[in-house]
Amino acid sequence: MKHKIELKQKCISCGGTGLYSGMGESEGCAVVCFTCKGTGCQDYIHEYEDFEGLVESTDIEWVYQVNPGIKVGRGDGYELKDFGGISYKAWRQDKPFTLGTENRKFTCPAWWYQSADYEKMPKWKECIGIGSFFKCSHFDNKALCWERFDKEPE
């Protein structure tokens, strides 16, 4: 079933003053708020449908736990599995993302778990303060870092 909530609320941009003073306006001056057009009032409309369960996807084959900022997918000689992950079917069956389902070919454990599960991110001294994962002196040998990650307790 579809629903619609409509209400008037204090403008979130100007706090209800009708005026906005940002980095372009010096102290003591303002512009008319673009969001509420100076009224201090903002219309809020939210339309939604009742949740009746997860909707089946017809075009997804593979699922990744997260994407740490790398283009993933088929092409340039790569297949979906090359970036880690699990099948859509396994994901729909609530299978977990276990060790080995990370994007190990293109990321190191620190890079991956920074996004996937910060609590599991290694706190190794060689990872601290590198600034960029690509700049890490171990990045070209990240398979060794994954081996270490698999052996060391969390």
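Any idea what the dipole of the stretch 76-154 comes to, in debye rounded to 20, about its Cα centre with Lys/Arg Cβ at +1 and Asp/Glu Cβ at -1? Let's see the in-between values first.
On the way: 13 positive and 13 negative charges, 10 e Å.
For the stretch 76-154, the charge dipole is close to 40 debye.
Can you list the HN-Hα couplings for the stretch 104-116, worked out from phi with the Karplus curve (6.51, -1.76, 1.60; θ = phi - 60°), rounded to whole Hz and with x for Gly and Pro?
6, 6, 10, 10, 9, x, 5, 5, 4, 6, 4, 9, 6
Pairing the Cα long axis of helix 142-151 with the longest principal axis of the chain, what angle in degrees results, from 0 to 90 and rounded to the nearest 10?
Value to nearest ten degrees: 80.
Below 8 Å between Cα atoms, with a sequence gap of 6+, how large is the relative contact order for the stretch 3-124 in percent?
Values: 145 pairs, mean separation 23.3, N = 122.
Averaging sequence separation for qualifying contacts and normalising by length gives 19 percent for the stretch 3-124.
Give me the one-decimal nm value for the distance between modelled label points at Val32 and Thr58, 7 Å along each residue's Cα-to-Cβ direction.
4.9 nm
Rounded to the nearest 500, what is the chain's calculated 222 nm mean residue ellipticity when only DSSP H runs of at least 4 contribute -39500 (n - 2.57) each, over all residues?
After summing the helix terms and dividing by residue count, I get -4000 deg cm²/dmol.
In whole Å, how far is the Cα centre of the stretch 1-36 from that of the stretch 132-154?
First find each Cα centre; the distance between them is then 48 Å.
Which entries of Lys2/Lys71; Lys71/Lys125; Lys4/Lys81; Lys2/Lys89; Lys89/Lys125 show an alpha-carbon separation above 31 angstrom in the structure shown?
Numbers: Lys2/Lys71 36 Å; Lys71/Lys125 29 Å; Lys4/Lys81 41 Å; Lys2/Lys89 29 Å; Lys89/Lys125 39 Å.
In this structure, Lys2/Lys71; Lys4/Lys81; Lys89/Lys125 exceed 31 Å between Cα atoms.
Quick check for me: using +1 on Lys/Arg Cβ and -1 on Asp/Glu Cβ, what's the dipole size of the chain about its Cα centre, in debye to the nearest 20? Write out the running numbers ahead of the final one.
Values: 20 positive and 24 negative charges, 64 e Å.
It comes to approximately 300 debye.
Please tell me which of these pairs span more than 19 angstrom C-alpha to C-alpha: Lys95/Lys123; Lys120/Lys142; Lys120/Lys151? Walk me through the intermediate numbers first.
Details: Lys95/Lys123 27 Å; Lys120/Lys142 17 Å; Lys120/Lys151 13 Å.
Listed pairs above 19 Å: Lys95/Lys123.
How do the peptides 54-66, 75-87 rank, highest first, by the average count of neighbouring beta carbon atoms within 10 Å per residue? Walk me through the numbers on the way to the answer.
Working: 54-66: 12.3, 75-87: 14.5.
The peptides rank, most packed first, as 75-87, 54-66.
Residue separation times 0.36 nm, minus the C-alpha to C-alpha distance between Gln9 and Glu119: what's the value?
35.7 nm
Computed from the coordinates by the stated procedures, all read-outs in this text should not be read as laboratory data. From a predicted model like this one, the values you see are computed outputs, not experimental measurements. Neighbour counts run over all protein chains shown; Cβ positions are idealised from the backbone, glycine included.
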